[in-house]
Number of protein chains: 2
Amino acid sequence: MSTQNKPISLKDVVIDKGFWADRQLTNREHTLPAIQHQMEKTGRVDAWKLDWQPGQPKPHIFWDSDNGKWIEAMAYSLTTHPDPELEAVADHVIDLIEKAQQPDGYLNIFFTAVEPENKLKNLRDWHEFYDAGHLIEAAVAYYEATGKRKLLDVMSRYADYIDSLFGPNEGQKRGYDGHPEVELALVRLYHATGNERYLKLSKYFVDERGQEPQYFDLEAIARGEDPKQYWAKTYRYCQAHKPVREQDIATGHSVRAAYLYSGMADIALETDDEALKKACLAIWDDLNEHHLYITGGLGPAHANEGFTVPYDLPNETAYAETCAAIALVFWAWRMFRLDPDSKYIDTLERALYNNVISGVSHEGSTFFYANPLAAYPNVTPHGNWSGIIGEKYYRRSEWFDCSCCPPNLARLVASLGQYIYSTDGDTLYVHLYAANHATLDVNGRSVKVTQETNYPWEGAVGVKVEPEQAGRFKVALRVPAWCREYSVSVNGEKVTSTPVKGYVVIDREWAAGDRISLDLAMPIERVMPHPRIRHDAGNVALQRGPVVYCLEEADNGANLANVVIPNDAKLTAEFDPNLLGGVTVIKAEGQRVEPSAWKGGLYQAQSAQAVAEKPVTVTAIPYFLWANRAEGEMRVWIRAN
Amino acid sequence: MSTQNKPISLKDVVIDKGFWADRQLTNREHTLPAIQHQMEKTGRVDAWKLDWQPGQPKPHIFWDSDNGKWIEAMAYSLTTHPDPELEAVADHVIDLIEKAQQPDGYLNIFFTAVEPENKLKNLRDWHEFYDAGHLIEAAVAYYEATGKRKLLDVMSRYADYIDSLFGPNEGQKRGYDGHPEVELALVRLYHATGNERYLKLSKYFVDERGQEPQYFDLEAIARGEDPKQYWAKTYRYCQAHKPVREQDIATGHSVRAAYLYSGMADIALETDDEALKKACLAIWDDLNEHHLYITGGLGPAHANEGFTVPYDLPNETAYAETCAAIALVFWAWRMFRLDPDSKYIDTLERALYNNVISGVSHEGSTFFYANPLAAYPNVTPHGNWSGIIGEKYYRRSEWFDCSCCPPNLARLVASLGQYIYSTDGDTLYVHLYAANHATLDVNGRSVKVTQETNYPWEGAVGVKVEPEQAGRFKVALRVPAWCREYSVSVNGEKVTSTPVKGYVVIDREWAAGDRISLDLAMPIERVMPHPRIRHDAGNVALQRGPVVYCLEEADNGANLANVVIPNDAKLTAEFDPNLLGGVTVIKAEGQRVEPSAWKGGLYQAQSAQAVAEKPVTVTAIPYFLWANRAEGEMRVWIRAN
């Protein structure tokens, strides 16, 4: 077990230009204000005043978590871009939260103001600890960003209260939350406060999950309900069907799943728990071998917002929730710490550049909850009434009743810097490529690192390494799985070492002025689906670097199912500086049948009608940029013949 | 308007051997006993005693209709195959029904025995006239089969009662049923009794549908409900969104739709109503141009059991209810009478040989409600919890809570003889090809007709025409749309006349001993989908004669999405006498990728891995015979490259 691999502090990395600087600017200038507007407009801020009256619209049981992720996003933004006005917004909410805390430490809008009689009576469905988890993460992030302890103290008191009620001791309830999240949050609280009580509570929640007698059964019976009438039909929905160390498949609600697996990885790492690590590795493999969209999306089904069976990856109806892909980033990051291997960062990067940032519009103020891989009129990933009542194309929304995704996106984008590097002893890992400069502690040595790159549009990355004092240490550069030809040189001299677990390790004396040149060949790849993915059979996807492409009606007209890109068609990458902030598009010499060439009805014998395909130039854009122009069809998997 | 085209009587046609004789034998010996067993076992017969007590399982509001269709099926079977034991079964049920009739004429199990307070309070949802309609059809059929008037009189009294309460007059309610069926039934009652009151009532229901003020709104308000909270979201669901003469698309619940359109065609025919005929023609064209599966299935969506948007024809999740395809047979038959053209019979035949008889197993006692065009493990047309909770393959069931399909199938199969011929003045139409002998009245002349054929496996049809007295009249033979090469001869002499509206008309002096030979070329056709059907793009279906084929795992192994039948592949038809009663199968020289040949994960760059397709012999069986062997995958649309 490697417990040596250490995250770096967000404070130490400045993303100063390029792709992610643009995204972070949009996040600060458009996404955070849009979220603030919606939080205030929908009453999510004032709800902390706990003055709900019968007859008024009820606060939602998730509102606490929306506040938590929003504060966390503000905290990260303040870390890299101080802004007194934004800090005042956060302070105001935190003041309200502090006042909302009950004398015993309990803290929850809905179950204090609306249904106090139901407090902590349905952990299976009612998300109280999930809410707590997100507020704890906010508290830690805000403390680290500003040094202000108010929310940290509030959440510590609430965590103490939960810890007093739940646990293995006489008189305690043996419960845990149906929606995991508090597990990983408590580990962060432990690190921020140094109080082991929170680590133990997190471990207790992980250990207790799925044990018999099933707490959710007991709790349902206590409410006078029949546990068998559980609406989600199976405790797999909340990953509580068996003890977590016996679990080996990705199952149930996908956001719950990835948060739980993140918490499991945290506990495995903190406590050197080999059985828990083994479960994490098995579930990871199952996800990556059987359940992951090419976009890094997970959870294909609307019904359970989650997993179904292996290789079940429908495109039009793909749920692939934004939050699930974000949670996968968190989980992948923790898996790397458990088992240092670039495969985890490959999945992180797949999710990041595709499903995750598809979740927000280019201009930054509308959001996707579900991220399908094909779009047609009257089809949504939210069930099939859409075609029946004549809905339009599925498009991003300003907000949702359950608005988990927008602040989740904002916190990830704002905190992206912390995923670029990590250190392990005298090794400096470079995981992601993005223009930035950072000052990092490598085994006690301060090293300034500067990346210059136009990634993901180009594969050339320059890394300047400037130790405060010259000396020997290692720099480990990730060679992405999508890349099969690359070269590395230091100060113009070629480095020939074979990658170890996906990293080229350069072990040398470093001194100010040293420059690494990494060149990742970034051809356009035709990607084939596994032969068991029936939904994609006969199709290919186009990928260049980490970016998966799609066809949109805006470029190619309607009826995208008729577009064929033959296996021998020429593919060309072109940078279009005017498209959505500057984008590399792919042009292909394809073919298509036009419906106007079709004579007759729904079905025609081939022997009666020859319908010729015509040559056509096809344009593909990055999947993450879909639905930013005119409404229309979209398709990731393209017919190959 | 042709009101001259007359159906013949079922009594006059004997299907004595071949495909339909086998099916009718199975229907008598297995299907009807299975239905009787289930009707009795589930309490659907004894429910007529109206002795339900609180605490007992409630009769279903559809049970009356199950009884109706079952009695109707028995009536048709008794017509062609008298059976005193079966007749006693029917008489027993009819006795119970008679006793269940209320003094005022009202008749309904649920709203007499269980919720009398809700009688006739929710025509939108509660199906009382739908129930009445099926019992009326049963009454007419049983009267015609046996001469017994008991049920006919009961149902006339009930129809009189309905007629007294509903209509345009002062003090009457302006209502109609949310589930059409009674409209066509009342026209049958009118013909059986000669009482025009029933024709007028039927016309009233047709005319009133969709008028403002909307009756379903008024009724909902009277129940204290908000009409806007209608669970089905739109009155398109029950084709009541606008007056029927303004309707021009197939919409809503597909069984309701096709029963309504049948009733509309009846009224158009009976009353020479050109506006109504025009609506029927427009809706028919919309269905056939935009909404019909190649199997004759209709209504792709589970959510509304009905129509969505044009060209939306998903395969795995196709609902395509058995009852909808049966109702389409009824509607198509009426459309031919309105507008004599073989296109209606082409659709009738498409539904009959594919979606309809897919609804019952080969051995006759299990049933499909939905008839998807592709089957994979953990996928059902009934929503996507199946994969989540790990259901098996979708297979036929012995019965359903709402068991409309089994008796509907039984009545259609038992009455098939009446769709083979019709007459129009001095023209004898031959619509369907099936071994049979019939004695028909052609303009007052008795003509014995004998068909000898192995249709649908072979396209050769011999028709012996034996008028009681020699004389001139016309025989019109349908040339199916699937057939593009045929020849006709009489007594060995070639007939060269051009078909008129799809019928070769032979106008000559006929005398006993005359023999027509019709030879319909029946090559295997690769059928292409319209380019707007995105679900089928790049695929072909195999069809031979009227029979659509499919691949099953039982013959071809799993992963059928990997099977490719190239456009130049040799296709061979072979009769297999041992397969499911004797079936023509199709063998094709295809190719496939085997998952075992795949190295690596879910996605692989083509440049990194060449996965060769291997040649393989592919076997296709008729779609209607799927799911009669080992569980496994099925697929109608096959990749063409």
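The values are calculated or read from the model by the stated rules, or taken from the named source; none is laboratory data. Nothing here was measured: the structure is a model prediction, and the numbers come from that model. Note: ideal-geometry Cβ built from the backbone for every residue, glycine included; neighbour counts use all protein chains shown. These area figures cover heavy atoms from the full protein model, side chains too; ligands, DNA and RNA do not enter into them. Shrake-Rupley method; radii C 1.70, N 1.55, O 1.52, S 1.80 Å.
Quick notes
- Vicinal HN-Hα couplings computed from phi for region A:276-281 (Karplus, 6.51 cos²θ - 1.76 cosθ + 1.60; Hz; Gly/Pro x): 6, 4, 4, 4, 4, 5
- Chains A and B together bury roughly 5300 Å² of accessible area, counting both sides, with a 1.4 Å probe on protein heavy atoms only.
- The mean of 1/r over all pairs of different alpha-carbon atoms in the protein assembly as shown, once inverted, gives a Kirkwood hydrodynamic radius of 34.1 Å.
- Exposure rank, largest accessible area first [B:Trp637, A:Trp399; 1.4 Å]: A:Trp399, B:Trp637
- Projecting the Cα atoms of A:Leu218, A:His30, A:Ala597 onto the charge dipole of the protein assembly as shown (Cβ charges, centred on the Cα centre) puts A:Ala597 farthest toward the positive pole.
- Normalised convex hull volume, region A:1-139, alpha-carbon set, Å³ per residue: 163
- When only Cα pairs below 8 angstrom with a gap of at least 6 residues are kept, region A:177-286 shows a relative contact order of 31 percent.
- In summary, the convex hull built on the alpha carbon positions of chain A has an orientation-averaged projected area of 30.1 nm².
- Here's the list of aspartates and glutamates a cross-link from A:Lys587 could span, going by alpha-carbon distance under 16 Å and ignoring same-chain residues fewer than 8 apart: A:Glu525, A:Glu552, A:Glu553, A:Asp555, A:Asp568, A:Glu574, A:Asp576.
- Near the amide H of B:Ile506, within less than 5 Å, lie the amide hydrogens of B:Val475, B:Ala476, B:Leu477, all on another chain or at least 5 residues away, with H placed in the peptide plane.
- Relative contact order of region B:475-534: 41 percent, from C-alpha pairs under 8 Å at least 6 residues apart in sequence.
- The charge dipole of chain B, taken about the Cα centre with unit charges on the Cβ atoms of Lys, Arg (+1) and Asp, Glu (-1), comes to about 940 debye, rounded to the nearest 20.
- For region B:524-639, diffusion coefficient by Stokes-Einstein and Kirkwood Rh (Cα), 25 °C, 0.890 mPa s, µm²/s: 161
- 3J(HN,Hα) couplings calculated from phi for region A:101-109 with the Karplus curve 6.51 cos²θ - 1.76 cosθ + 1.60 (θ = phi - 60°) are, in sequence order, 5, 7, x, 7, x, 4, 8, 6, 4 Hz; Gly and Pro show x.
- For region B:416-423, 3J(HN,Hα) computed residue by residue from phi via the Karplus equation (6.51, -1.76, 1.60; θ = phi - 60°) reads 4, x, 6, 9, 7, 10, 8, 10 Hz, glycine and proline entered as x.
- Dipole-positive endmost among B:Val463, B:Pro59, B:Val89 within the protein assembly as shown (Cβ charges, Cα centre): B:Val463
- Region A:345-368 and region B:38-86 have Cα centres spaced 58 Å apart.
- Of the peptides B:215-226, B:549-560, the order by per-residue mean of other Cβ atoms within 10 Å, starting with the highest, comes out as B:549-560, B:215-226.
- Too-long pairs where the Cα-Cα distance tops 30 Å, listed order kept, from A:Lys501/B:Lys614; A:Lys121/A:Lys277; B:Lys11/B:Lys501: A:Lys501/B:Lys614; A:Lys121/A:Lys277
- Mean per-residue shielding of peptide B:536-549 is 2, counting Cβ atoms of other chains within 10 Å of each Cβ.
- Across the copies of the chain, B:Asp83 has label points (7 Å from Cα along Cα→Cβ) spaced 7.9 nm apart, shortest distance listed first.
- Taking all Cα pairs closer than 8 Å and separated by 6 or more residues, the relative contact order of chain B comes to 13 percent.
- Computed over neighbours whose Cβ is under 12 Å from that of A:His191, the net charge equals -3, Lys and Arg +1, Asp and Glu -1.
- Across A:Lys6/A:Lys173; A:Lys233/A:Lys343; A:Lys58/A:Lys233, pairs whose alpha-carbon gap is larger than 30 Å: A:Lys6/A:Lys173; A:Lys233/A:Lys343
- Ligands, DNA and RNA are left out, and with a 1.4 angstrom probe the accessible area of region B:421-520 is 43 Å² per residue.
- Ascending list, in nanometres, of distances separating the A:Pro33 label from those of the other copies (7 Å, Cα toward Cβ): 7.9
- Along the axis of the charge dipole computed for region B:230-282 (Cβ charges of +1 for Lys and Arg, -1 for Asp and Glu, origin at the Cα centre), the listed residues B:Trp231, B:Val255, B:Cys280 are led at the positive end by B:Trp231.
- For region A:235-296, the Kirkwood estimate of the hydrodynamic radius, built from every pair of different alpha carbons, is 11.7 Å.
- Carbon and sulfur %, accessible surface of chain A computed with the full protein complex present, 1.4 Å: 48
- Within chain B, helix-based [θ] at 222 nm, where runs of 4 or more DSSP H residues each add -39,500 (n - 2.57), nearest 500: -9500 deg cm²/dmol
- With Cα atoms defining each centre, region A:192-212 and region A:136-173 are spaced 12 Å apart in the structure.
- Rounded to the nearest 20 debye, dipole of region B:421-520 from Cβ charges on Lys, Arg, Asp, Glu: 160
- Inter-chain Cβ neighbour count for A:523-530, averaged per residue, equals 6 (cutoff 10 Å, partner chain atoms only).
- Set against the 2.2 N^0.38 Å expectation for a compact globular protein, region A:550-599 has a Cα radius of gyration ratio of 1.33.
- For A:Gly444, the distances from its label point to the matching points in the remaining copies are 12.1 nm, ordered from shortest, with each point set 7 Å beyond Cα toward Cβ.
- Residues A:Asp441, B:Asp286, B:Asp91, sorted by accessible area with the largest first, give A:Asp441, B:Asp91, B:Asp286 [1.4 Å probe; ligands and nucleic acids excluded].
- Shielding score for A:292-305, defined as the mean number of other chain Cβ atoms within 10 Å: 2
- Dipole magnitude for region A:42-104: computed about the Cα centre from +1 point charges on Lys and Arg Cβ and -1 point charges on Asp and Glu Cβ, it is near 300 debye.
- Between amide H atoms placed 1.01 Å from N, distances below 5 Å from B:Ala558 occur with no residue 5 or more places distant or on a separate chain.
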